[in-house]
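Written out below as structure tokens is the structure these notes cover.
The values are calculated or read from the model by the stated rules, or taken from the named source; none is laboratory data. As the structure is a computational prediction, the values presented were derived from the model and not from experiment. With ideal geometry, Cβ positions are generated from the backbone for all residues, glycine too; neighbour counts draw on all protein chains shown. Quick note on the areas: whole protein, heavy atoms, side chains included, nothing else; ligands and nucleic acids left out. Shrake-Rupley method; radii C 1.70, N 1.55, O 1.52, S 1.80 Å.
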Amino acid sequence: MSRYRFGSTRSPTSNDTENTPVPLRRSSASVSGASRSRSSLFSQDGRASTPRLETTFGPSFSTVTTITTDEGKVEYQHQRTTSMSSCKSFSDSREDLHGGSTHSSLQRGIAATAQFNLFRSNSHDSASSTLSQSSFRSRNTEDDAPLVFVDTPSAQLYCKICQQVYKDPVIMSCGHSYCKHCSVSVDACPVDNKKMSSILGNLAVSEQVGALYIHCRYGCKLVNDRCNEYEVNQSGCPFTVKLAERRTHEDSCLYAPISCPNNPMCPTMLRMHLEEHLKSCKNLQCANHKYGCLFIGDRETQAAHMKGCKYEFVKDFLQITEEKINKMHLSLKQADEENTFLRSMLSKTVSRMDELEKNFEMKLEVMSTNQSKLVEELREFRQDNALINNQLQDLNTRLHISGVGVFDPQQIFKCKGTFVGHTGPVWCLCVHGDYLFSGSSDKQIKVWDTATNYKCQKTLEGHGGIVLALTAHGDKLFSGSADCTIKIWSIATLVELNSIAAHENPVCTLVCINNMLFSGSLKSIKVWEVESDNLKFKQELEGLNHWVRALVAQHDYLYSGSYQTIKIWDVRTLACVHVLQTSGGSVYSIAVTNHHIVCGTYENSIHVWDLRTHEPVAQLTGHVGIVYALAVLSTPEQTKVFSASYDRSLRVWSMENMICTQTLIRHQGSVVALAVSRGRVFSGGVDFTVKVWQ
């Protein structure tokens with residue numbers, strides 16, 4: 001009865017060396033005698049005595065196998081190498097008592113072998129792998145294998161790059177198909193010269209190519225080595241197969257040249273001759289050669305050898321040992337894979353933690369920035385609130401002093417809504433009936449309904465620059481732009497009627513009166529006669545010293561603003577009848593009431609003159625930025641002037657006592673345009689919005 005004992009530890013300091021001899025060791029339980037005859041394995045009554053086998057795994061899985069019989073012990077010590085196949089040494093615990101016996105010769109034969117293969121012999125590896133190596137070479141050289149087609153393939157199955165039948169065809173972004181390896185060798189499609197990239201494999205073409213019949217490679221011969229041309233070899237394999245099934249046939253083709261599996265020194269033969277060769281081959285090995293048996297001979301001597309092979313009685317044990325060692329290595333491999341997986345997961349976890357930490361820091365930074373912005377906005381809101389309260393108190397005080405009465409809260413204008421739609425600052429506004437027109441830096445004019453749904457009805461496009469000026473006359477809308485043109489639009493159909501190249505510089509302002517259109521630009525005011533769908537140039541007004549940014553027409557007079565100057569023109573004669581001088585820099589805006597001329601200047605102030613005498617009346621202060629726009633809202637009881645400024649505010653001025661009655665702050669940027677309609681005030685700003693006040 002056999003007994004197996006396995007050591008379980010592997011020394012961390014062990015060093016496996018494949019070809020280092022292991023010294024012989026003497027067992028402490030050895031008995032005298034170093035040899036025994038084969039008959040010693042049997043008892044006196046003729047029954048076979050069962051040997052007892054013990055194996056111990058030491059450091060680095062080096063093994064010691066002890067075979068114990070009635071006569072003593074025999075130890076085999078072998079050290080596992082990187083190839084898992086070396087048995088290093090053999091030692092006997094007894095001295096040679098039966099010199100020249102069969103078993104003694106067995107021991108000497110094993111001991112004489114400095115090292116022998118316990119699990120696989122090198123000679124067997126090299127011989128038995130001949131066929132597999134041949135198949136491996138065949139697979140590796142499949143791309144270089146001859147292609148002799150039974151029938152000429154269709155021209156549609158040829159790659160236009162290599163001019164060969166498709167190999168792994170892929171569909172490219174240009175729509176054509178090429179071989180996979182050809183597609184990466186060029187950047188542009190050879191058909192339409194477009195840049196291309198691979199999209200997916202062309203399965204339909206692959207199936208067509210795979211269905212083509214070819215001659216077996218072992219039925220072809222080389223005709224021209226330089227041109228790599230082949231033809232059918234009448235003495236070779238006669239079979240034809242589909243290209244897709246080529247490997248299946250050629251791996252078992254009887255005409256394939258192979259080497260003898262027993263000895264590579266045997267002459268090369270065809271596969272069909274292998275069986276006949278094996279019958280007479282003199283290089284047959286013992287079935288136990290992988291355990292170290294060195295026998296080589298023909299079939300007859302092999303059969304005789306197997307009856308008395310010295311490895312036969314330990315074969316089962318060695319097989320079990322090999323299986324256990326393989327299991328251990330499999331366990332080690334699995335453990336290594338698990339460790340690799342855990343390391344990968346740990347690396348991903350660390351990366352994820354780093355990413356989360358960075359995101360957290362970014363969010364903290366954003367929160368800190370937002371908090372700072374909120375604190376700043378709150379501070380500004382408190383300042384604006386305090387300013388409004390101070391102005392209200394000042395207003396009430398002035399009203400009490402002047403005897404007009406206490407300030408009426410019902411007169412306070414409030415923001416009733418916001419038109420949103422432009423993608424740039426709103427530079428000009430114009431009201432006609434229920435329509436509000438707005439021009440913007442986005443080169444568009446939007447048409448808003450101010451009577452029913454308060455939505456954008458249409459967007460007028462056509463200008464090539466910022467829309468700076470708008471005015472309406474009759475059923476026409478006129479627009480001036482930084483592209484130096486004036487466009488005419490039909491208000492009824494909201495379509496473009498005409499476009500006129502008006503100035504050499506941007507058209508800054510427009511106004512209509514008495515069927516004439518006045519346009520202002522750099523040192524120029526042009527007069528146009530309005531005809532059906534066209535403008536006819538009439539005259540250019542001279543004597544201007546700077547940009548004309550403001551034009552107002554009222555009571556047969558035209559008021560134009562330039563640098564520190566307001567000129568008054570008689571519309572009937574087109575002559576300048578009066579000049580008003582200012583001290584606030586360029587005039588950006590003009591408004592005319594029933595009794596006053598009002599202008600806004602570059603230096604934040606508003607100047608007021610008497611309409612009849614042209615004498616200065618007052619200078620209104622309060623804005624801290626350029627006064628871009630002015631608008632008049634008149635009622636039978638009073639007249640109010642609205643001013644829009646760079647300081648983001650609108651101010652409401654009472655023209656009866658020349659004081660600011662209200663400051664409106666809702667825009668997020670400069671307020672640059674104003675329009676009045678039916679008691680409502682519309683303001684456009686650089687925050688892309690139009691707000692409604694009432």
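Quick look at the numbers
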{"read-out": "Too-long pairs where the Cα-Cα distance tops 27 Å, listed order kept, from Lys538/Lys567; Lys290/Lys333; Lys180/Lys348; Lys279/Lys327", "value": "Lys180/Lys348; Lys279/Lys327"}
{"read-out": "Arg666, Arg648, ranked by accessible area, largest first (probe 1.4 Å)", "value": "Arg666, Arg648"}
{"read-out": "Distant-in-sequence amide H partners of Tyr628 (H built 1.01 Å from N, under 5 Å)", "value": "Ala644, Ser645, Tyr646"}
{"read-out": "Accessible-area value, His595, 1.4 Å probe, nucleic acids and ligands omitted, Å²", "value": "120"}
{"read-out": "Rounded FRET efficiency, nearest 0.05, which uses the C-beta distance separating Asn389 from Ala492 and R0 of 41 Å", "value": "0.25"}
{"read-out": "Two-site FRET efficiency, Thr240 against Glu361, from Cβ-Cβ distance with R₀ of 60 Å, rounded to 0.05", "value": "0.30"}
{"read-out": "Which listed pairs, of Lys160/Lys195; Lys416/Lys458; Lys446/Lys487; Lys443/Lys691; Lys414/Lys458, have C-alpha distances above 18 Å, in listed order", "value": "Lys416/Lys458; Lys443/Lys691; Lys414/Lys458"}
{"read-out": "Cα shape, segment 243-343, gyration tensor, a/c 1.5 rule", "value": "oblate"}
{"read-out": "Accessible area of Arg352 in the full protein assembly, 1.4 Å probe (Å², nearest 10)", "value": "120"}
{"read-out": "Three-way shape call for segment 439-482 based on the alpha-carbon gyration tensor, with the a/c threshold at 1.5", "value": "oblate"}
{"read-out": "Amide H contacts under 5 Å for Trp427, placed H, 5+ residues apart", "value": "Gly439, Ser440, Ser441"}
{"read-out": "Of all accessible heavy-atom area on segment 550-694, the percent that carbon and sulfur account for (1.4 Å)", "value": "47"}
{"read-out": "Inter-label distance, nm, simple model (7 Å from Cα along the C-beta direction), Phe381/Leu574", "value": "5.6"}
{"read-out": "Calculated FRET value between Asp610 and His546, using beta carbons and R₀ = 22 Å, to 0.05", "value": "0.30"}
{"read-out": "Accessible area (Å², 1.4 Å probe, nearest 10) - Lys526", "value": "40"}
{"read-out": "Ile491, Ile412, reordered so the largest accessible area comes first (probe 1.4 Å)", "value": "Ile412, Ile491"}
